[in-house]
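The structure appears below as structure tokens.
The values are calculated or read from the model by the stated rules, or taken from the named source; none is laboratory data. Source: prediction; values computed, not measured. Using ideal geometry, Cβ is built from the backbone for each residue, glycine included, and neighbour counts are taken over all protein chains shown. Please note that ligands, DNA and RNA were not included when accessible areas were found on the heavy atoms of the full protein model with its side chains. Shrake-Rupley method; radii C 1.70, N 1.55, O 1.52, S 1.80 Å.
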Amino acid sequence: MKLSKLAGLTIAASVLAFSAAAQDRVLRIAPAAPPAHPANGVLYTNFAQYLPEESEGRLGTTMLGPEVVNLGQMKDALQSQVAEVGNFLPLYFPAELPYMALAGELSLTSGNSQAAAAAMTQFIVECEPCQQELHDFGFVYLGSGASDVYEILSTRPVHSIADLEGMRLRSGGSPWARFAEHFGAVPAQISVNDTFEAISQGVVDGSMASIADLISFRLVDVITHVTFVPLGLYQATSNFMTSGLTWESLSVEDRAAMARAANRANADFTDRWGRSMPEEAEAAAREAGIELYQADDEFVAAVQDFVATEAASAAQISTERYGIADAEERIARFQELYSNWAAVAEEVNNDPVAMAERVNEAVWANVDYATYGQ
């Protein structure tokens, strides 16, 4: 191993060790992702650095690996306090968190990562039913992040809508399942952690996902084709879901410090997942000889026509399946927030530091930490 790499590992280890030592309170945090994934390598690593800074040394962390707590186990881990802060995905529990999952049903309609993350954050913080269902779960929400635009990663070419017919594609949630079914593909609800094995064993023919998954989950070793077609992005995240028992035990000052640290890390994570990592993954794909295909105008138009129906689909599902009577109004509110934040993201050129500052000003600075999450 090169000395530069050894030095980097030493520095990273030192940061994590410092975060778990000499603080008044050390929190158990769980990224539920492998080290190569930005949820681990950026989101939680940066949070571990920011938290002592924001709390003036009062709070630190110790990180639990995905072998201890994975995404599917996160709800139970937080409720049992095996983990006190964890990477939680609301679309895994749409029936139990319907208001929180509602904006996730609109995932195919978003295109700017920083705007989607900011809109999700403001939407959930300001949504009283969202806060109530989280309270009933015993959880406290501290912001969201978002991926880059999803593509089709596959083991056979997808050059037209017709090529989707009969394909088995891993889906990260109901929006992509609807897309697959609409165009004759078969969606498979498989944990992202199991995607490599499912593809390598031929259980599925590919995945609707971020191209960053080529690196995060080693799909570069099993994928042979990438089709660039606008399939929205993953925005239904709760990056730092916190146990209500842990939250109650913290002072008002430390709760605010956690929110500030999480907000900074959320923007960093979104920049990594939504911008820099996809660029690296595309380079890795070219080096591996993977075919990269830009969907033609007819293909894109067909997808856009489908996406145009998604707001109505989300409203119908939320009303009929989950009993949200004002689903249309809440969807309109999310779309308004997304539009506003898209303008901000363009203004600051998607800079993560600037976005974190703007989200803090618009959202977290207005939170009363004496009552939030209670």
Cα convex hull of the stretch 54-163: mean projected area in nm², to one decimal?
10.0
Which peptide among 291-300, 51-60 comes first, and what is the full order, when sorted by highest mean count of other Cβ atoms within 10 Å?
51-60, 291-300
Return the carbon/sulfur percentage of the accessible area of the chain, one whole number, probe 1.4 Å, all protein chains in place.
51
Please list, short to long, the whole-number percent of alpha-carbon pairs of the stretch 75-223 in consecutive 10 angstrom bins beginning at zero.
11, 36, 34, 17, 3
Rounded accessible area per residue of the stretch 132-230, 1.4 Å, Å²
32
Electrostatic dipole magnitude of the chain [Cβ: Lys, Arg +1; Asp, Glu -1; Cα centre; debye, to 20]:
1020
Length gained, Glu165-Phe93, 0.36 nm per residue minus C-alpha separation, equals 23.0 nm
For the stretch 254-374, the Cα-Cα pair-distance distribution in 5 Å bins from 0, as whole percents, is 2, 9, 11, 12, 14, 18, 17, 10, 5, 3, 1
Which value in nm describes the separation of the simple spin-label points at Gln294 and Ser251, placed 7 Å from the Cα toward the beta carbon?
5.6
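Given the stretch 104-222, what percent of its DSSP beta bridges are antiparallel, to the nearest 5?
DSSP beta bridges in the stretch 104-222 are roughly 40 percent antiparallel.
Where a ≥ b ≥ c are the square roots of the eigenvalues of the C-alpha gyration tensor, would you call the stretch 307-374 rounded, which needs a/c under 1.5, or, failing that, prolate if a/b is larger than b/c, or oblate?
Because a/c hits 1.5 or more and a/b fails to exceed b/c, the stretch 307-374 counts as oblate.
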Measure off 7 Å from each Cα along the Cα-to-Cβ vector at Ala365 and Glu67, then give the distance between these two points in nanometres to one decimal.
4.5
Can you tell me what share of the DSSP beta bridges in the chain is antiparallel? A percent to the nearest 5 is fine.
45
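Send over the Kirkwood Rh of the stretch 286-331, from the inverse of the averaged 1/r over different Cα pairs, rounded to one decimal Å. Don't jump to the answer; show the numbers that get you there.
On the way: mean 1/r = 0.0756 Å⁻¹.
For the stretch 286-331, the Kirkwood estimate is 13.2 Å.
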What ranking, highest mean first, results for peptides 164-177, 331-344 when packing means the other Cβ atoms within 10 Å averaged over each residue?
164-177, 331-344
Theoretical ellipticity at 222 nm over the chain - DSSP helices of four or more residues, -39500 (n - 2.57) apiece, nearest 500
-14000 deg cm²/dmol
Expressed in angstrom and rounded, the centroid-to-centroid distance over alpha carbons for the stretch 135-163 and the stretch 232-285 is 16
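If you count only protein heavy atoms with a 1.4 Å probe, what accessible area per residue comes out for the stretch 287-369, rounded to a whole Å²?
57
From the C-alpha coordinates alone, can you work out the Kirkwood hydrodynamic radius of the stretch 217-267, in Å?
Across the stretch 217-267, the inverse of the average 1/r is 14.7 Å.
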Rounded accessible area per residue of the stretch 56-116, 1.4 Å, Å²
32
Efficiency by 1/(1 + (r/R0)^6): what FRET value for Asn349 and Thr309, r their Cβ-Cβ distance, R0 = 45 Å, to the nearest 0.05?
0.90
Degrees separating the helix 128-137 axis from the principal Cα axis of the chain, which is the longest one
80
Where Rh denotes the Kirkwood radius from the mean inverse Cα pair distance, what is Rg over Rh for the stretch 24-105?
1.01
Kirkwood hydrodynamic radius, the stretch 176-324, all distinct C-alpha pairs: what's the number in Å?
18.4
Per-selection Rg to Rh, the chain - Cα, Kirkwood hydrodynamic radius:
0.96
Step by step: find N for the stretch 156-229, compute 2.2 N^0.38 Å, then divide the Cα radius of gyration by it. What's the final number?
0.99
Bins of 5 Å, beginning at zero and ending with the bin holding the largest distance: percent of Cα pairs per bin for the stretch 91-152, please.
4, 18, 28, 26, 15, 7, 2, 0
